[in-house]
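Chemist: One structure is given below, represented as structure tokens, and several questions about it will come after.
Just so you know, all these numbers are worked out from the coordinates, no wet-lab data involved. Because the structure is a prediction, the values reported are computed rather than measured. Because the Cβ atoms are built from the backbone with ideal geometry, glycine has one as well, and the counts that use them run over all protein chains shown.
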Amino acid sequence: MKKYNILLLCFIAFGLYACNKLTLTTPAFDVTVNKTTFKVGDSVVFVLSGNPDNIGFYSGEVGHIYDYKNRTSVTGALNQLSFSTATANLAAGNTGQTGNLKLLVSSNFTGQVDSLHIRQATWTDVTNRATIATNATATSSGTVNLSDFQQAGDSLYVAFKYLSNTSSTAARARQYTVSAFVFQNTFPDGTIYVHNTINTDVRFAGFAATSFKGTSVKDSLKWAIGSTLAFAQGVDNLSDEDWAITKKFRLSAIPPDVAVGIKNNQVVLPQYVYKYTKPGTYTVTFVGNNVTGDGISAVTKTLTITVTP
């Protein structure tokens, strides 16, 4: 019986512990520092009291400012586009066509990629801002600055328009390939927002293409969208007008600032040491939280640190 009572007490104690852990509580959490002025490269020792499940650290530097954690838009960016092109070399005796590929932008396109909505939009030809290939060697466009289109609004679409006259063996419409497409916003503080996706995926997944009938009254070739944009060499006696258009870019888009996670519920952290590499006044924020199935309870602690040269 005595053994049974001991086991029963153990089960009760375990149950009370488990219930207590499932109850969401506000963390007891505080942060102190022995002084508030440091030199560049000094070790700033933040003393942490209490033991919240998780702690996030906002240093106050660019990209890690607590007040900007929900910010997604800021005016005054430098909006820049870059890409590469290549075109097929011509057979001997073939004069080819010039100017088949055009770069255009629109601030009032609806995003519906069909002939009606493309024609209704206002498109500005900015081909002369880019370098377009004249042979089969991949050629960088250089940096295409589109910041002046902020005056027309926050939205911008970019289009590659392929236009050819009736093609023939003597005047062949060129084949073109577009690759390495990057559109980004760069802000005065150095923050960069890259609109399209990472280098390793299909970066043209946000494009849509449509084809118009040419003067031959026959729809011939179309843009092929994949890891590149590709338009095949012209077909004899056929003409083409074909568009490949991006998703909408927001010229003010900026990534929200983020915290650095310095603690989870598997460790106890009595202090955190950080070094600043540039002088300035920094608003430092620590966010400690407890997490259960009922949700999250957080406590925020803010300090001001001055860093001198």
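Chemist: With the contact rule set at Cα under 8 Å and sequence spacing of 6 or more, what percent relative contact order holds for the stretch 78-250? Show your work: numbers first, answer last.
Modeler: Numbers: 421 pairs, mean separation 51.0, N = 173.
Taking the mean separation of contacting Cα pairs over the length of the stretch 78-250, I get 29 percent.
Chemist: Tell me, what is a quarter of the convex hull surface for the C-alpha atoms of the stretch 78-250, in nm² with one decimal? Please report the intermediate quantities before stating the final value.
Modeler: On the way: hull surface 40.1 nm².
Taking the Cα atoms of the stretch 78-250, their convex hull projects to 10.0 nm² on average.
Chemist: Hey, another quick one. Report the FRET efficiency, 1/(1 + (r/R0)^6), for residue 179 and residue 283, where r is their Cβ-Cβ distance and R0 is 51 Å, rounded to 0.05.
Modeler: 0.75
Chemist: What list of ³J(HN,Hα) values in whole Hz, one per residue of the stretch 63-74 in order, does the Karplus curve 6.51 cos²θ - 1.76 cosθ + 1.60 (θ = phi - 60°) give from phi, with Gly and Pro shown as x?
Modeler: x, 9, 10, 4, 5, 9, 5, 10, 6, 10, 8, 8
Chemist: Now, a different point. From the gyration tensor of the Cα coordinates in the chain, what semi-axes in whole Å does the equivalent ellipsoid have, largest first, with each one equal to sqrt(5λ)?
Modeler: Sorted largest first and rounded, they come to 58, 26, 17 Å.
Chemist: Okay, next question. Modelled label-to-label distance, residue 69 and residue 42, 7 Å Cα→beta-carbon offset: nm?
Modeler: Using points 7 Å along Cα→Cβ, the separation is 2.7 nm.
Chemist: Give the angle, between 0 and 90 degrees and rounded to the nearest 10, that separates the Cα long axis of helix 2-22 from the longest principal axis of the Cα atoms of the chain.
Modeler: It works out to around 50 degrees.
Chemist: A follow-up question, please. Would you mind checking the stretch 69-96 for residues with the amide N under 19 Å from a putative spin-label position 7 Å along Cα→C-beta of residue 189?
Modeler: Those under the cut-off are 69-79.
Chemist: Give me 240, 294, 53 sorted ascending by neighbouring Cβ count inside 10 Å, so fewest comes first.
Modeler: Values: 240 27, 294 11, 53 16.
Fewest-to-most Cβ neighbours within 10 Å comes out as 294, 53, 240.
Chemist: Another one. Note the per residue figure in Å³ for the convex hull of the C-alpha positions in the stretch 102-170.
Modeler: Cα-based convex hull of the stretch 102-170, divided per residue, equals 123 Å³.
Chemist: Near residue 252, within a Cβ-to-Cβ distance under 12 Å, what is the net charge of the other residues, with Lys and Arg +1 and Asp and Glu -1? Working shown, then result.
Modeler: On the way: positive: 71, 250; negative: 154.
In short, +1.
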